[in-house]
Amino acid sequence: GNALPQPLADRLRTVLERRRNAVWERLGAVNEVTGESADDTYRRLAREMIAAERGVFVELRDRRRIDDEMLRTLLRRLDLEEAAAYREATE
């Protein structure tokens, strides 16, 4: 009974599209203010976003808007996304 809500499906689709386009970001110059490349900035912001999403999902579970099974599924997807970003950073 826990179908993936459309906003979450859209969000996951957006993340995948951004990941596909990340290679083009690697071609950019280093930001003079932050000292980060566009790719580094993307990975940092992605990690921050994943952390924020985890918090929202836990809050939804605590409010009983989603059950534990859905929470585990969502957290597993975030874990995989985070692992993929880490792998890209070390390659």
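Please treat every number below as a calculation from the coordinates, not as lab data. Please read these numbers as outputs of a predicted model, since none were measured by experiment. Cβ atoms come from the backbone with ideal geometry, glycine included; neighbour counts cover every protein chain shown.
Side notes on the structure shown:
- Surface/4 estimate of mean projected area, convex hull on alpha-carbon atoms of segment 48-88, nm²: 2.6 nm²
- Spin-label pair VAL58/ASP79, simplified geometry with 7 Å Cα→Cβ offset, distance in nm: 1.5 nm
- The distance between label points at LEU12 and TYR86 comes to 2.1 nm (points 7 Å beyond Cα on the Cα→Cβ vector).
- Here the Karplus curve 6.51 cos²θ - 1.76 cosθ + 1.60, taken at θ = phi - 60°, turns the phi angles of segment 43-53 into couplings of 5, 4, 5, 4, 4, 5, 5, 4, 4, 5, 4 Hz, with x standing for Gly and Pro.
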